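Working notes, structure below.
The values are calculated or read from the model by the stated rules, or taken from the named source; none is laboratory data. Everything numeric here is computed off the predicted structure, so don't read it as measured data. Glycine also receives a Cβ, built like all others from the backbone with ideal geometry; neighbour counts cover every protein chain displayed.
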Amino acid sequence: MWYEKVIQLFKIKDLRNKILFVLGIFALFRIMANIPIPGINPENLKSFFEQFQVLGLLNLFTGGALEKLSIVMLGLGPYITGTIILQLLTMIFPQLEELYKESGEEGKKKFEQYGRILTVPLAALQAFSMLTLFSRQGIITELGPAAKLSAILTITAGSIFLMWLGELLSEKGIGNGVSLLIFAGIIADFPRNIGQMISTYEPSMLASYLIFFLMALLIIAGVVLINEARRNIPISYAKRIKGRMVYGGASTYLPLSVNPAGVMPIIFALSILTFPSMITSFLSGAGGFWGRMSQLVEAFFNNTLAYGLTYFALVFIFTYFYTLITFEPKSIADNLKKMGGFIPGIRPGESTTKFLEFVLNRILPIGALFLGFIALMPTIIQIITKIAVFNFLVGGTSILILVSVALETMREIESQLEMRDYDTF
């Protein structure tokens, strides 16, 4: 039973220390997330975050650190952005692609080091942009050159420190450290949501809350199902004889995920949709052509149906786009051929590439439709139930991250428990 595994987990000293270490890092992260920079106007800050959805998404990932304008207000955003930029650059620079995909463990370590280096200027640039934007909106007082430089260095250092904490968690904790910190940032919103639910609760809302949490359970079950869904392609390896030894002859599977793009299409789509609304907010008081354009864009985004359909279409398109970047059938076919592997009934090389593309094009629409549906669920459920809290339980990037990190951490814990059972056998 699951509770027996939990008891066993705390009985083993090594695993118990790892869990306590993870919880200690979480506590340090939450303390830093509540240390604000000086000169903040709370009322302007609250209205500003209600207006811009993309900042609300970033605030969710940082556990409210951005909303409080804390020293770790950027969270792990610069590090994740730097990694994504490098992955995109592999399509342009063959040397970078070779380093990332064909240079083994050493190449991946070097690639990760480039990501860390790129994080520093990205964090500084983002800190400068955020401070400038907040100053113009009257959220923080106008900073002098020395004060602004000090704030930029502090915020940049906060992002680098969180990146280091994430890697420390990966090394000495359980699971992927960066994912765990993002997970902690999302979960940190839970107590505030409970308080908001209690303060606004009315007996007439009982049915709405029951429907909300029932739909949340169904959505979480669906996310787990799709997230774990795989199309297993059988792979066989030819027998090779070297001297008196026989190699190969084994059979295995190549798993193709139904949702290979993860949460990235939702983030891309939301960023593109939010950018025009942010621009129009600066042009709302202008006259002439730009004033009319800002009014048209604002009217479009106020139309729930038009906004929802556009959001869904962008998520669907970006699912294909990001999969093309991260999954290359030709590379997989070439690697199989080099290792003596083949798909039964399919010739190695070009035929294998075409077969993998055919299978991928059949399962990708399912993943793309699923992502589009999940992206729209918070809006749909809010319209049905009129409940604005616990949005991270019903859709969007947050539920995908929560489910993915929880499943990954559970697998890591189970593998370590099984390894210790094997050692003591």
Checking residue 346 against (1) touching a residue at least 60 places away in the same chain (Cβ under 8 Å); (2) within 15 Å of residue 254 (Cβ to Cβ); (3) not in a helix (DSSP H, G or I), only one condition comes out false. Which one?
(1)
Can you tell me how many residues within segment 200-220 are within 13 Å of residue 377 (Cβ to Cβ) and touching a residue at least 12 places away in the same chain (Cβ under 8 Å)?
5
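Can residue 214 be described as under 21 Å from residue 373 (Cα atoms) and modelled with pLDDT of 85 or more? Can you show your working first?
Working: under 21 Å from residue 373 (Cα atoms): yes; modelled with pLDDT of 85 or more: yes.
In short, yes.
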Report yes if residue 336 is at pLDDT below 80, more than 30 Å from residue 213 (Cβ to Cβ) and either out of contact with any strand residue (DSSP E or B) (no Cβ under 8 Å at 6 or more places or on another chain) or surrounded by 15 or more Cβ atoms within 10 Å (Cβ to Cβ) (or both), otherwise no.
no
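So for segment 411-425 (the condition being over 19 Å from residue 10 (Cα atoms), at pLDDT below 70 and either loosely packed, with under 12 Cβ neighbours inside 10 Å or among the polar types (S, T, N, Q) (or both)), does at least one residue qualify?
So the first thing to find is which residues in segment 411-425 are over 19 Å from residue 10 (Cα atoms), and the list is 425.
Now narrow it down to the ones that are at pLDDT below 70: 425.
Still in the running and either loosely packed, with under 12 Cβ neighbours inside 10 Å or among the polar types (S, T, N, Q) (or both): 425.
Yes, because at least one residue in segment 411-425 is over 19 Å from residue 10 (Cα atoms), at pLDDT below 70 and either loosely packed, with under 12 Cβ neighbours inside 10 Å or among the polar types (S, T, N, Q) (or both).
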Within segment 349-363, identify whether any single residue is surrounded by 15 or more Cβ atoms within 10 Å (Cβ to Cβ), at pLDDT 85 or above and within 23 Å of the chain's Cα centre (by Cα), and answer yes or no.
yes
Inside segment 314-339, the number of residues satisfying the requirement of being among the acidic types (Asp, Glu) and assigned to a helix (DSSP H, G or I) is 1
Determine if segment 57-70 includes at least one residue that is among the hydrophobic types (A, V, I, L, M, F, W, C), over 21 Å from residue 398 (Cβ atoms), modelled with pLDDT of 85 or more and in contact with a helix residue (DSSP H, G or I) (Cβ under 8 Å, 6 or more places away or on another chain).
no
For residue 324, the lone unmet condition from (1) more than 27 Å from the chain's Cα centre (by Cα); (2) under 26 Å from residue 84 (Cα atoms) is (1)
For residue 108, which of the numbered conditions (1) of a type outside the set (S, T, N, Q); (2) on the phi < 0 side of the Ramachandran plot; (3) assigned to a loop (DSSP other than H, G, I, E, B) fails to hold?
(3)
Considering each of 76, 122, 118, 88 in turn, give the residue that is loosely packed, with under 13 Cβ neighbours inside 10 Å, touching a residue at least 12 places away in the same chain (Cβ under 8 Å) and not basic (Lys, Arg).
88
How about segment 214-237: which of its residues are surrounded by 14 or more Cβ atoms within 10 Å (Cβ to Cβ) and either within 19 Å of the chain's Cα centre (by Cα) or aromatic (Phe, Trp, Tyr) (or both)?
219, 220, 222, 223, 224, 226, 227, 229, 237
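Table: residues versus (1) touching a residue at least 24 places away in the same chain (Cβ under 8 Å); (2) surrounded by fewer than 22 Cβ atoms within 10 Å (Cβ to Cβ); (3) in contact with a Gly (Cβ under 9 Å, 6 or more places away or on another chain); (4) not hydrophobic (A, V, I, L, M, F, W, C).
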| site | (1), (2), (3), (4) |
| --- | --- |
| 135 | no, yes, no, yes |
| 141 | yes, yes, yes, yes |
| 178 | yes, yes, yes, no |
| 181 | yes, no, yes, no |
Please give the number of the condition residue 166 fails out of (1) in contact with a Gly (Cβ under 7 Å, 6 or more places away or on another chain); (2) surrounded by 18 or more Cβ atoms within 10 Å (Cβ to Cβ); (3) within 30 Å of residue 359 (Cα to Cα).
(3)
